[in-house]
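Comments concern the structure below.
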Amino acid sequence: MTVHAKPSAQLLDVLSARLGEPHVITDPGQMAGYLVESRNLYRGTALAVVRPGSTGEVAFTVGECAKAGVAIVPQGGNTGLVGGGVPFGGLVLSLARLDRIREIDPVNATMTAEAGCILQNVRAAAGETNLLFPLWLPSEGSCRIGGNLATNAGGANVLRYGNTRDLVLGLEVVLADGRVWNGLKGLRKDNSGYDLRNLFVGSEGTLGVITAAVLKLLPVPRARATAFVGCASPHHALRVLDRLRASAGDALTGFEFMPRFALELVLRHVPGAARPLAGDPPSYALVEL
């Protein structure tokens, strides 16, 4: 009688042969950071963490998992706060090794970056050519472009520059059967057929795995001005926003509303923090022009 390995074990052997054993992680200690949400509110399980290093390896992994009937959870920087990247069985497909900036085109003002590129590195690379990639999140040092795209991240500059969907021109995506859709176009005026790009952006890995993107770059602002405004009520804050829109137009980059409670937390728990305004208004707005 011949004893066959379990399908999951066979799959891991096949993936190890293609990707290399160091990139198919099954050790519980090494897997731990991939299985938990950053606030430690959600904790999952997985057969393994797989770390492909190219689009071809992603396509191979997805194709083999499809044939074996094994689920995949794509994961970027794992900085989400709602548990969407936490696996419950199957494989974690980490895109962290796909971290190359393939091209910067300063004439067309675009950058082609792989999904594992850290947001901070993308912004820095754009700055070296005196251009700006305007998406900014507090987690910029650890979140990755693939995750920003998959979740259609907004960030702090959404008033002026829009969500991540508004900052991408083309995508490269591995589909659920392992085929690769190459839509890496840098055209701004493109009316050719179905808008598959916007279908994948915001789909959180449910329709395919984003492996690269053509990103829009913009001129660097010549100057910035920041204000912290005390507001008598949320309605008062909206009136301030309306006046700023009327007077500053698209120079209004950010407008963040916060209640008094948020400031009180900072004053209570951050050593040396000082109350920024006289008095004690019930709410505030942080404004950038």
**From phi via Karplus (6.51, -1.76, 1.60), per-residue ³J(HN,Hα) for region 139-151 in Hz, x at Gly/Pro** = 8, 4, x, 9, 6, 10, 4, x, x, 4, 6, 5, 9
**Largest-first ordering by accessible area, 1.4 Å probe, given options Lys185, Lys216, Lys67** = Lys67, Lys185, Lys216
**Request:** Using +1 at the Cβ of each Lys and Arg and -1 at the Cβ of each Asp and Glu in the chain, identify which of Val62, Leu131, Thr45 lies farthest towards the dipole's positive end.
**Result:** Leu131
**Cβ-defined net charge surrounding Ile210, 11 Å radius [Lys, Arg +1; Asp, Glu -1]** = -1
**Asked** What is region 29-127 by shape, rounded, prolate or oblate, if you read a ≥ b ≥ c off the alpha carbon gyration tensor as root eigenvalues and call it rounded for a/c under 1.5, prolate for a/b larger than b/c, and oblate otherwise?
**Response** oblate
**Item:** Dipole in debye (nearest 20) - region 181-289, about Cα centre, beta carbon charges: Lys, Arg +1; Asp, Glu -1
**Value:** 300 debye
**Over region 111-236, volume per residue of the alpha carbon convex hull, in Å³** = 146 Å³
**Request:** List the pair-distance distribution P(r) of the chain, using every Cα-Cα distance, as the percent of pairs falling in each 5 Å bin from 0 up to the bin containing the longest distance, rounded to whole percents.
**Result:** 1, 5, 11, 13, 15, 13, 12, 10, 8, 6, 3, 2, 1, 0, 0, 0, 0
**Item:** Centroid-to-centroid separation of region 127-164 and region 1-72 [C-alpha atoms, Å]
**Value:** 29 Å
**Prompt:** How high is the FRET efficiency from Phe261 to His235, r the C-beta distance, R0 25 Å, rounded to 0.05?
**Reply:** 0.90
**Request:** May I ask you to list the residues of region 208-223 whose amide nitrogen lies under 11 Å from a point 7 Å from Cα along the Cα→beta-carbon direction of Trp181?
**Result:** 208-210
**Most fluctuating residue given options Gly170, Gly193, Gly80, as computed from a GNM of the chain linking Cα atoms under 10 Å** = Gly193
**Rounded percent of accessible protein surface that carbon and sulfur make up, the chain, 1.4 Å probe** = 55 percent
**Asked** Taking the Cα centre of the chain as the origin, how large is its charge dipole in debye, to the nearest 20, when only Lys and Arg (+1) and Asp and Glu (-1) carry charge on their Cβ atoms?
**Response** 500 debye
**Message:** Could you tell me the extents of region 219-283's C-alpha atoms along the three principal axes, largest first, rounded to whole Å?
**Reply:** 38, 29, 16
**Fill in**
Length gained if Lys67 through Ser142 is fully extended, taking 0.36 nm per residue and subtracting the Cα-Cα distance, is 23.7 nm
**Message:** Which of Ala66, Ala124, Ala227 ends up with the largest GNM mean-square fluctuation for the chain, with Cα atoms connected below 10 Å?
**Reply:** Ala227
**Prompt:** Would you list Asp166, Asp250 from the most to the least accessible area, probe 1.4 Å?
**Reply:** Asp250, Asp166
**Asked** Taking the alpha-carbon set of region 54-192, what are its Rg and Dmax in Å?
**Response** 15.5, 47
**Ellipticity estimate at 222 nm from DSSP helix runs (n ≥ 4, -39,500 (n - 2.57)) divided over the chain, nearest 500** = -8000 deg cm²/dmol
**Within-12-Å neighbourhood charge of Arg224 [Cβ basis; K, R +1; D, E -1]** = +1
**Prompt:** Once phi is turned into θ = phi - 60°, what whole-Hz ³J(HN,Hα) does the Karplus curve with 6.51, -1.76 and 1.60 give for every residue of region 258-273, x standing for Gly and Pro?
**Reply:** 8, x, 4, 4, 5, 5, 4, 4, 5, 4, 6, 10, 9, x, x, 5
**Request:** In whole Å, largest first, what are the principal axis extents of the Cα atoms in region 162-284?
**Result:** 60, 35, 27
**Local electrostatic count, Gly186, Cβ distance below 13 Å [Lys/Arg +1, Asp/Glu -1]** = +2
**Request:** With a 1.4 Å probe and every protein chain left in place, work out the accessible area per residue of region 162-289 in Å², rounded to a whole number.
**Result:** 60 Å²
**Prompt:** From the backbone phi of region 111-128, what are the Karplus-calculated ³J(HN,Hα) couplings (6.51 cos²θ - 1.76 cosθ + 1.60, θ = phi - 60°) in whole Hz, Gly and Pro given as x?
**Reply:** 9, 9, 10, 7, 5, x, 5, 6, 3, 4, 5, 5, 5, 5, 5, 5, x, 5
**Item:** Shape call, region 92-141: gyration tensor on alpha carbons, a/c limit 1.5
**Value:** oblate
**Message:** Give me the 1.4 Å probe accessible area per residue for region 5-129, excluding ligands and nucleic acids, in Å².
**Reply:** 47 Å²
**Request:** Please build a GNM for the chain, connecting alpha carbons under 10 Å apart, and tell me which residue among Leu187, Leu98, Leu132 fluctuates the most.
**Result:** Leu187
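The values are calculated or read from the model by the stated rules, or taken from the named source; none is laboratory data. Bear in mind that the values here come from a model prediction, so they are computed numbers and not experimental data. Heads up, the Cβs are rebuilt from the backbone with ideal geometry, glycines too, and the neighbour counts pull from every protein chain shown. Surface accessibility is based on the protein's heavy atoms, side chains included, excluding ligands, DNA and RNA. Shrake-Rupley method; radii C 1.70, N 1.55, O 1.52, S 1.80 Å.
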